[in-house]
Amino acid sequence: MNKVRVGQNIKKAREKQKLTQAELAKRLDLSPIHVSHIETGKANMSIDTLYDFCQVLKVTPNDILCGEFMEASIDSMVFYERSDRLNYDDKLLLQHIFRYMEEKSR
């Protein structure tokens, strides 16, 4: 596991939630220095701490551990993956549904 990349993913999720390191640290009951060290890859975290980050930042462990490297865009899932079961119109509808759900969850 690349600690620097994990830290970058945490920072990205924190900024998306519009939290400072100090605010995140308070919610996690950690010191701001420890959160900073995790974000810069200087410190490890336990599984329990990973779970706490996920809860506070509203992300999955996959988001923190793998970041964008495991995320597939709706376009690639719907249009570029081979699917014999969906016609083009069905793919467009599915794309609109996913985008609607993404917007609604923000």
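Laboratory data are not the source of any read-out in this text; all were calculated from the coordinates shown. Fair warning: this is a prediction, and the values are worked out from it, not measured in the lab. Every residue, glycine as well, gets a Cβ built from its backbone with ideal geometry; the counts of neighbours run over all protein chains shown.
Key figures
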quantity	calculated
Gain in span if fully extended, C66 to H34, counting 0.36 nm per residue against the direct Cα distance	9.4 nm
Coarse-grained scattering of region 1-59 at q = 0.23 Å⁻¹, given as base-10 log I(q)/I(0) from a Debye sum over alpha-carbon atoms	-0.87
K58-Y88 pseudo-label distance in nm [points 7 Å out on the Cα-to-Cβ vector]	3.7 nm
Förster radius 22 Å - calculated FRET efficiency between L50 and R27, Cβ distance, rounded to 0.05	0.90
Length added when fully stretched, K42-F98, from 0.36 nm per residue minus Cα-Cα	16.5 nm
